[in-house]
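Before any comments, here is the structure.
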Amino acid sequence: MSEQNVSKQLPDLPTDQSEFWILRLYVAGHAMRSLTAIANLQAICEEHLPDKHHIEVIDVIDDPERASTDQILALPTLIRALPPPVRKIIGDLSNTERVLVGLEIAQHSH
Amino acid sequence: MSNTIPISTPRHLAKTPTGIYGIDEITAGGLPQGRPTLVAGSAGCGKTLLAMEFLVRGATLYDEPGVFVTFEETPEELVNNVASLGFDLDDLRERGLLWIEHIYLERSEIEEVGAYTLDGLFIRLEHAFDRIGAKRVALDTLEVLFSGLHDEALIRAELRRLFRWLKERGVTAVVTAERGDGTLTRHGLEEYVADCVIVLDHRVTSQLSTRRIRIVKYRGTMHGTNEYPFLIDQHGFTVFPITALGLDYNVGTERISTGVTGLDEMLGGSGYYKGSTILISGTAGTGKTSLSSAFAAAAYARNEHTLFVAFEESPAQIIRNVRSIGIDLEPAFTKECLHFHAVRPTLAGLELHLATITDQIARIKPSVVIIDPITSLISQGFNSEVRALFTRLIDFCKQHGITLLLTSLSVMGQDPEGTDIGVSSLVDTWLLVRNLEMHGKRNRGLYILKSRGMAHSNQIRKLVLSSEGISLIEIPSSSLQLSS
């Protein structure tokens, strides 16, 4: 995975990088499942990581090479590139609770 | 499936030759074209090598590029592992004839949240196929999916879709799978690959290991049903033996000299039939190796190649010894007309020996093969299994018009006519050499026990080995007395 590639597209990084989240979502075309995953991820990030996340959506139909280099098998796949370590979640992210656990996002107790 | 179907049955099924020595013969032409073939076997039995050689041969012999999808080994590991078989994968990759797609899947690193598909796999395969215009693909091994992902129902649905898609693409696929406990494959992959199933096996008996291959199923075509031993060596995969599916080889009437004038005379005046099988039985020191060497020298005189498999003496020793009886094998040896294969019989099991011999025959393409003696190979007795193996070697030689000369060492005091009975029914000409006691002297005597299809002498002649060569002298019948 090339980190430079991503950092080019990044907005201004906050000083404390450990608090910033870079998430890559690999999907195949505009199928229903792709759209669901994108919407689910956006909603989760808006709520739990406001102003400290960056989502990159990669359509592997347009960029099959990327599917190989990033070892994507199942779709959709979500990869947490930052903060380390790298985490991988597959599926349409329909279960918010489990996405939060998978990404290790601390949940605010309400 | 029976192998009694005549060979002339019209072929309905297009086949893709594997180019792997022996497999095309037992599948009567190769794997089903544009369809998947399942190769099942336990760990370390050669599944990956078979799959890889299928692609390498396809690329080098048939100009069919192939994609190797590896779920277990990295491309670097694969390249190194098969380098010992003489395959230069990097070269094939550079020439666009091979593409290695490494799929890494580790359950502990993946969280499954919600519905997904394996479209990523399809997209990567399609991309790899398009890159090199793949005609062949190897998937080694898809079962990793079962250990890498939780949702088994989804995996099964996706596998079904994968095999349908592969058929639509028209690529000839080899799919490897681990042998299950009491089942063909651990995860039932045979359910999806219905056309052709090959099982590899690796057995150890009496501390000698033998690899075996068997075509369990091949829909819509005839195939060999036996278990065939195979070999993995520096040339890759070799399946042995190439059993004839029938006794349909061409039988010639051409005769070739035995290298001994007197023996030619006894065999109707013109020697052995070309392409026949000859057995020379006798006790120690009765001249079996000398008669074999004379035959090798005669082959050289006809400008033919000989493979001499020696289990008891080194090539140098044989050449030296027979020089003393006027047979010079040196020129044939230095001009590479005479090829020696000298090994200790205990080095490997019978099957492996026969596999190695067949392998050499295929490479050297000799007209004459000598095995001196076969008794070294069959010390455990001539049971039905040993007999089957010899039958295959004999069939193989006959199919290729090779004259096969076997010698057999008889034990003193035992009647060779009785002990060699197992192999003798397989041979066309059977000669016996034994000690004769005449006028207070010990002499060698030779007689022909049988020789199919030719008028032959019923005499016992005195076999004389002198510096002038080998001669067979008629003995007045009154002075004859046998001793063994």
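Could we say that B:Val174 is within 22 Å of B:Leu98 (Cα to Cα) and either open to solvent by less than 10 Å² (accessible area, probe 1.4 Å) or within 19 Å of the chain's Cα centre (by Cα) (or both) here?
yes
Can you name the strands (runs of 3 or more DSSP E) wholly within region B:261-370 that have at least 1 residues being surrounded by fewer than 19 Cβ atoms within 10 Å (Cβ to Cβ)?
So the answer is B:338-342.
What tally of residues in region B:97-125 results from selecting those that are more than 7 Å from chain A (Cβ to nearest Cβ) and either modelled with pLDDT under 95 or part of a helix (DSSP H, G or I) (or both)?
Selection size over region B:97-125: 5.
Just checking, does region B:473-480 include any residue being under 28 Å from B:Gly275 (Cβ atoms), within 41 Å of the chain's Cα centre (by Cα) and at pLDDT 85 or above?
No, because not a single residue in region B:473-480 is under 28 Å from B:Gly275 (Cβ atoms), within 41 Å of the chain's Cα centre (by Cα) and at pLDDT 85 or above.
So which of B:Leu149, B:Leu166, B:Leu154 is more than 22 Å from B:Gly41 (Cα to Cα) and open to solvent by 10 Å² or more (accessible area, probe 1.4 Å)?
B:Leu154
Taking the condition of being in a helix (DSSP H, G or I) and at positive phi, how many residues in region B:79-96 meet it?
0
For B:Pro373, are the conditions met, namely being under 23 Å from B:Leu231 (Cβ atoms), surrounded by 13 or more Cβ atoms within 10 Å (Cβ to Cβ) and modelled with pLDDT under 90?
It is true that B:Pro373 is under 23 Å from B:Leu231 (Cβ atoms), surrounded by 13 or more Cβ atoms within 10 Å (Cβ to Cβ) and modelled with pLDDT under 90.
Can you tell me how many residues in region A:67-81 are open to solvent by less than 40 Å² (accessible area, probe 1.4 Å) and more than 8 Å from every other protein chain (Cβ to nearest Cβ)?
Result for region A:67-81: 5.
Among the numbered criteria (1) in contact (Cβ under 8 Å) with a residue 40 or more places away in the chain; (2) in a helix (DSSP H, G or I); (3) away from chain A (no Cβ under 14 Å), which single criterion is violated by B:Val137?
(2)
Return a yes/no flag: does region B:441-454 have any residue that is in a strand (DSSP E or B), more than 25 Å from B:Ile374 (Cα to Cα) and open to solvent by 30 Å² or more (accessible area, probe 1.4 Å).
There is at least one residue in region B:441-454 that is in a strand (DSSP E or B), more than 25 Å from B:Ile374 (Cα to Cα) and open to solvent by 30 Å² or more (accessible area, probe 1.4 Å).
Could you list, in sequence order, the residues of region B:144-160 that are out of contact with any helix residue (DSSP H, G or I) (no Cβ under 7 Å at 6 or more places or on another chain) and touching a residue at least 40 places away in the same chain (Cβ under 8 Å)?
Answer for region B:144-160, where residues must be out of contact with any helix residue (DSSP H, G or I) (no Cβ under 7 Å at 6 or more places or on another chain) and touching a residue at least 40 places away in the same chain (Cβ under 8 Å): B:Val144, B:His150, B:Glu158.
Checking B:Ala194 against (1) within 21 Å of B:Ala43 (Cα to Cα); (2) more than 9 Å from every other protein chain (Cβ to nearest Cβ), only one condition comes out false. Which one?
So B:Ala194 meets the others, but not (1).
The values are calculated or read from the model by the stated rules, or taken from the named source; none is laboratory data. If you're wondering where the values come from, they're calculated on a predicted model, not measured in any experiment. Heads up, the Cβs are rebuilt from the backbone with ideal geometry, glycines too, and the neighbour counts pull from every protein chain shown. Heavy atoms of the whole protein, side chains included, go into the accessibility calculation; ligands, DNA and RNA do not. Shrake-Rupley method; radii C 1.70, N 1.55, O 1.52, S 1.80 Å.
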